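The values are calculated or read from the model by the stated rules, or taken from the named source; none is laboratory data. Predicted, not measured: the structure shown is a model, and the values here were computed from it. Please note: Cβ atoms are built from the backbone with ideal geometry, for glycine as well, and neighbour counts cover all protein chains shown.
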Amino acid sequence: MLSPEIQQTIENIIITANPDVYIVEMSLHRGGRSVLLIRVDTDNGVKLEECIDLNRKIGKYLEDADVFDFEYNLEVTSPGVGEPLLLARQYQKEIGHRLRVIMAEDAAVIEGELLSAGEHDFTLKLDVKKRKKGDKTIPETEKTIAFSAAKEAKVVFI
């Protein structure tokens, strides 16, 4: 685990380097090959050069402060295509894209176009299948889902 002080210092380094960058995920994986993984993003995406610059700055801090007493690799990356959305802010930049959501309660899969995203939930325009003759139920065309009700949400590229 990273101490709150180390996490805060890393956040400060990132904000100082580029105030538009935010941390999506920061985790330390210990093992045969220990890795400090920091995933960053902006509302417009992150360029490779930005990740390289942040890697250098964070790496310098970690070495100068002698933070770890074990060997590790530092990886500063942006979320890749097909990775789950983890923060409400990530949903905002995906409005208009198609999402596949796995629900936490029953593992049901829902797909649709992301219409909006708020602080606590998001709304999808659902695919509406043709109704059977005589079916009097009207299928939902939009569904609002609380972030806590979604086990996983990913952008689907068709």
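When restricted to residues that are of a type in the set (D, E, K, R) and at pLDDT 70 or above, the stretch 120-158 contains 9. Across the stretch 1-54, the number of residues qualifying as assigned to a loop (DSSP other than H, G, I, E, B) and within 28 Å of residue 117 (Cα to Cα) comes to 10. Residue 58 passes every criterion in (1) touching a residue at least 40 places away in the same chain (Cβ under 8 Å); (2) touching a Phe, Trp or Tyr at 6+ places or on another chain (Cβ under 6 Å) apart from (2).
Evaluate the following for residue 96: is it small (Gly, Ala, Ser) and within 19 Å of residue 26 (Cα to Cα)? Answer is no for this residue.
Of the residues making up the stretch 140-158, those that are part of a strand (DSSP E or B) and over 16 Å from residue 106 (Cβ atoms) number 5. Whenever a residue of the stretch 79-106 is over 15 Å from residue 156 (Cβ atoms), its partners that are among the basic types (Lys, Arg) and surrounded by fewer than 16 Cβ atoms within 10 Å (Cβ to Cβ), lying with C-beta atoms within less than 9 angstrom and at least six residues away or across chains, give the pairs 103/151; 104/151; 105/151.
Quick one: is residue 56 more than 30 Å from residue 126 (Cβ to Cβ) and at pLDDT 95 or above? The answer is yes for residue 56. Looking only at residues that are surrounded by fewer than 13 Cβ atoms within 10 Å (Cβ to Cβ) and acidic (Asp, Glu) in the stretch 33-60, which one is farthest from residue 79 (Cα to Cα)? Residue satisfying both the conditions and the ranking: 49.
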